[in-house]
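Worksheet for the structure shown next.
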Amino acid sequence: MNPHLQRGLLLFEQSRYDQAEPEFRQALAANSQHAYTHALLGPTLSEQERFQEAEAEVAEALNLDPGEPFVHYVRARVLSDRERFPQAESAIAEAIELDPEDADYRGVQSQILYNQKKWTGALEAAEHGLALNPEHIACTNLRAMALVQLGRNEEAGATIDPALAR
């Protein structure tokens, strides 16, 4: 793996987006056809509220590798950041269709639905994610949040208590 890509990933995981961006750009200078790096640059720019640039990077990633579920997942995140929820729903549905076993994708799906106040759909997506990974933090939190919105506070508490214990 390209050392700039490795450093960029580490910085991205630490939410140091302004420092991750030049690393990803240097990785792309070495290989401009690397869809994964373009995809990672998308949320890096989105987190810096540079949405048009983020969408352009995701579009390039999709152009390079339209069958890669991660690229559709990233597109969903970027679109969700822009509150373009119907498009985000469509993008995450594509990621899930390509890789139905990824709990992260269900977490993003749940978040998108939750942001639209589609509580039942958010709950179902979170529960599907938890069926794939019972300790998935985002799905656990979203399940609890959706249950609260649905007035099922006791179940929400029962969901979050084991997560807090972990």
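The values are calculated or read from the model by the stated rules, or taken from the named source; none is laboratory data. The structure displayed is predicted, hence computed values, not measured ones. Because the Cβ atoms are built from the backbone with ideal geometry, glycine has one as well, and the counts that use them run over all protein chains shown. Only protein heavy atoms, including side chains, enter the accessible area calculation; ligands, DNA and RNA are left aside. Shrake-Rupley method; radii C 1.70, N 1.55, O 1.52, S 1.80 Å.
Given the criterion open to solvent by less than 60 Å² (accessible area, probe 1.4 Å), over 28 Å from GLN116 (Cα atoms), part of a helix (DSSP H, G or I) and among the hydrophobic types (A, V, I, L, M, F, W, C), identify the matching residue among LEU45, LEU11.
Values: LEU45 fails: over 28 Å from GLN116 (Cα atoms).
One residue alone meets the criteria, LEU11.
In region 114-126, the residues that are in a helix (DSSP H, G or I) form Cβ pairs under 7 Å with partners that are of a type in the set (Ser, Thr, Tyr), at six or more places apart or across chains, as follows: ASN115/SER80; ALA122/SER110; ALA122/TYR114; ALA125/SER110; ALA126/SER110.
Anything in region 100-134 that is aromatic (Phe, Trp, Tyr) and within 20 Å of PHE70 (Cβ to Cβ)? List them, or say none.
Narrowing region 100-134 to residues aromatic (Phe, Trp, Tyr): 105, 114, 119.
Within region 100-134, TYR105 is the sole residue that qualifies.
Is it the case that ALA88 is more than 15 Å from the chain's Cα centre (by Cα) and either closer than 22 Å to SER110 by Cβ or of a type in the set (Gly, Ala, Ser) (or both)?
Working: more than 15 Å from the chain's Cα centre (by Cα): no; either closer than 22 Å to SER110 by Cβ or of a type in the set (Gly, Ala, Ser) (or both): yes.
When the stated conditions are applied, ALA88 does not pass them.
Of LEU123, LEU130, LEU147, LEU113, all but one fail to be under 19 Å from ARG77 (Cβ atoms) and either of a type outside the set (Asp, Glu) or open to solvent by 20 Å² or more (accessible area, probe 1.4 Å) (or both); the exception is LEU113.
Identify all residues within region 14-42 that are in a helix (DSSP H, G or I), among the charged types (D, E, K, R) and surrounded by fewer than 21 Cβ atoms within 10 Å (Cβ to Cβ); write none if there are none.
Residues of region 14-42 in a helix (DSSP H, G or I): 17-30, 35-42.
After this cut, where a residue has to be among the charged types (D, E, K, R) as well, the list is 18, 21, 23, 25.
ASP18, ARG25 - these are the residues of region 14-42 that are in a helix (DSSP H, G or I), among the charged types (D, E, K, R) and surrounded by fewer than 21 Cβ atoms within 10 Å (Cβ to Cβ).
Which residue pairs have Cβ atoms under 6 Å apart, sit 6 or more places apart or on different chains, and have a first residue in region 33-50 that is basic (Lys, Arg) and a second that is at pLDDT 95 or above and not in a loop (DSSP other than H, G, I, E, B)? Matching pairs, first to second residue: none at all. Cβ-Cβ contacts under 6 Å between residues 6 or more apart (or on different chains), taken from a first residue in region 130-159 that is within 15 Å of SER110 (Cβ to Cβ) to a second residue that is surrounded by 12 or more Cβ atoms within 10 Å (Cβ to Cβ) and among the β-branched types (Val, Ile, Thr), are listed as ARG143/THR159; ALA144/THR159; ALA144/ILE160; ALA156/VAL148.
The residues listed here are GLU21, GLU68; of these, the one that is at pLDDT 95 or above, more than 22 Å from ILE92 (Cβ to Cβ) and not basic (Lys, Arg) is GLU21.
What tally of residues in region 116-161 results from selecting those that are more than 24 Å from ALA93 (Cβ to Cβ) and not β-branched (Val, Ile, Thr)? Spell out how you get there, then give the answer.
To start, the set of residues in region 116-161 that are more than 24 Å from ALA93 (Cβ to Cβ) comprises 135, 148, 151-161.
Adding the requirement that they be not β-branched (Val, Ile, Thr) leaves 135, 151-158, 161.
Of the residues in that region, 10 qualify.
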